[in-house]
Amino acid sequence: MEALPVNTPLKEIGECLISVDGEDYFFRPSFVNMSRIGEPGEIVQVFYDLHNDEVTSLVNRAVEAYGYVPQWLISHITSTSYGRKAFLASVVVLNACCDKDAGPMTGVFHPSKGNGRTFKIRKGALPESDMLLIAQSLITHGVIGNAKVRKLQRHESGETSTEFRAVDYIVAAQAHFGMTEREAGNLTMTKFQMLLATKYPEQKGFTREEYDQVADDYLARKAKRLNGKNSSAQGVAINVVAG
């Protein structure tokens, strides 16, 4: 089988390619690139800033209504403290995931000499709305994964973490799949999940959705049986009284 060209993105695992003025920018949310965002705690903070409830709600509603995020909404979002954090986080993620300097795409920060602001930005080629959506997708594929695999209920702890240690997943990939450190570091979390599901396909158990469905079916059957018994009991009582 012929190998894919180096810069052919695999969208299913989070990669993307953006071309501007004949220049290609390749983005891969790999474990190594996630570590470029910052320390383990900083990675989680950037994830939160991008997926802040206020930002996510506004963006999702706009996309549902218009099919895109209008500039007036972006202006509103970036005027808020949570919006500015999300925008700064998108710049960090895009630069961390790109195979070259993404400054022409994301814009460049400069120290500000007035207006009470620490930095000012010279805008890049990408609209802020696109930067936000792309960065959200990249860090999702890089940190929590987006693989279409069965996740067993016993593996769903419901716990949150304050750190994302990319090196732990790199070492795990080396141990499970016999990869070199370089190969393991280039995995995205989505690809890591897909590899695990392929290597260990015969896991027994229910996913959360399957468990809930079985529980609902059981309760429905139980309620039906109880209703049937109550109806029979009422019929016997009526017959006795009538007799």
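Nothing in this text is a laboratory measurement; each read-out follows from the coordinates by a stated rule. Note that this is a predicted model, so its numbers are computed, not measured. Counting neighbours? That spans all protein chains shown, and the Cβs are built from the backbone with ideal geometry, glycine included.
Under the rule a/c < 1.5 gives rounded, and otherwise a/b versus b/c splits prolate from oblate, where does segment 11-147 land using the Cα gyration tensor? Verdict is rounded for segment 11-147. What is the local net charge at residue 68, summed over the other residues whose Cβ is closer than 13 Å to its Cβ (Lys, Arg +1; Asp, Glu -1)? Surrounding charge for residue 68 is -2. All other residues whose Cβ lies under 15 angstrom from that of residue 89 are scored, Lys and Arg at +1 and Asp and Glu at -1, for a net of -4.
Highest mean first, the peptides 170-180, 188-198 sorted by other C-beta atoms within 10 Å per residue fall in the order 188-198, 170-180.
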